[in-house]
Amino acid sequence: MFLYGVSLMAVEDVNVTFEDQKKINTFARNTNRMTEFKDEIEAKKKSLQNLQDASDDLMMAEDDTLNIPYQIGDVFISHTQEETQEMLEAAKEQLEQEIKELEGKVSAIQRVLGDLKVQLYAKFGNNINLEADES
């Protein structure tokens, strides 16, 4: 797991203004949001893979008259194989759209973080650490 550290080394000739502190706080908040979005993307990708696996298994079923239980919330509802396949496809499309939206948010945050890094490193140089720390 990687954590992004925002830390200033104690140096007497570096003055941290209120605006600098706001930028550092914005960097930290956006880093946390990006991490949350990335975790959500991974969870949705796992769900998408599970739906794909279920869809593949359903295609292999030889009995078209078989009713397939499909979970909606806490309840299982039986549908025909064709109806279940359509529901799986709709669920996959929904997840793919959600993943795409989250990836767009991550890209936007990465652009903001890049701009903030440039500004903060320009002022503080090696006295600030905005890189990923392993933990």
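Candidates Ala91, Ile41, Met59 compared by Cα position along the dipole of the chain: farthest toward the positive end lies Ile41, with charges placed on Cβ.
Taking label positions 7 Å along the Cα-Cβ direction at both Asp53 and Glu83, the computed distance is 2.6 nm, reported to one decimal.
When Rg and Dmax of the Cα atoms in Å is computed from the coordinates, the matching label among (i) 17.6, 60; (ii) 23.3, 78; (iii) 22.3, 69 is (ii). Take every Cα pair under 8 Å whose residues are at least 6 apart in sequence, average their separation, divide by the length of the stretch 2-134, and the relative contact order is 47 percent. Computed from phi, the 3J(HN,Hα) profile of the stretch 98-107 under the Karplus parametrisation 6.51, -1.76, 1.60 (θ = phi - 60°) reads 4, 5, 4, 5, 5, 5, x, 5, 5, 4 Hz, with x in place of Gly and Pro. Just checking the listed ones, Thr35, Thr65, Thr80: in the Gaussian network model of the chain with Cα springs under 10 Å, the one fluctuating most is Thr65.
As a calculated quantity, the FRET efficiency between Gln71 and Lys123 at R0 = 35 Å, using C-beta atoms, amounts to about 0.05.
Given a 10 angstrom Cα cut-off, can you work out which residue in Leu51, Leu120, Leu66 is the most mobile in a GNM of the chain? Most flexible of the set in this elastic network: Leu66. Can you give the angle from 0 to 90° between the axis of helix 18-60 and the longest principal axis of the chain, with both taken from C-alpha atoms, to the nearest 10? The two axes meet at around 20 degrees.
Pairs of Lys residues in the chain are counted when their Cα atoms are under 26 angstrom apart and they lie 8 or more places apart or on different chains; the count is 26.
In the elastic network of the chain, a GNM with C-alpha springs shorter than 10 Å, the most mobile of Val14, Val118, Val75 is Val75. Within the stretch 33-96, which trypsin sites (Lys or Arg not before Pro) sit in a loop by DSSP and count at most 15 neighbouring Cβ atoms inside 10 Å? Passing sites in the stretch 33-96 do not exist. Using only side-chain charges placed at the Cβ, +1 for Lys and Arg and -1 for Asp and Glu, the dipole size of the chain relative to its Cα centre rounds to 1180 debye. Taking 0.36 nm per residue of sequence separation and removing the Cα-Cα distance, the Val16/Ala43 pair yields an extension gain of 5.8 nm. In the chain, which longest range has no GluC sites (Glu not before Pro) that are both DSSP loop (not H, G, I, E or B) and surrounded by at most 14 other Cβ atoms within 10 Å? Answer from the scan: 63-130. Taking the helices alone, the chain has a mean residue ellipticity at 222 nm of -24000 deg cm²/dmol, built from -39,500 (n - 2.57) per DSSP H run of at least 4 residues and averaged over all its residues.
No lab work stands behind these numbers, since they all come straight from the coordinates. Note that this is a predicted model, so its numbers are computed, not measured. Neighbour counts are summed over all protein chains in view; Cβ atoms, including those assigned to glycine, are modelled from backbone coordinates with ideal geometry.
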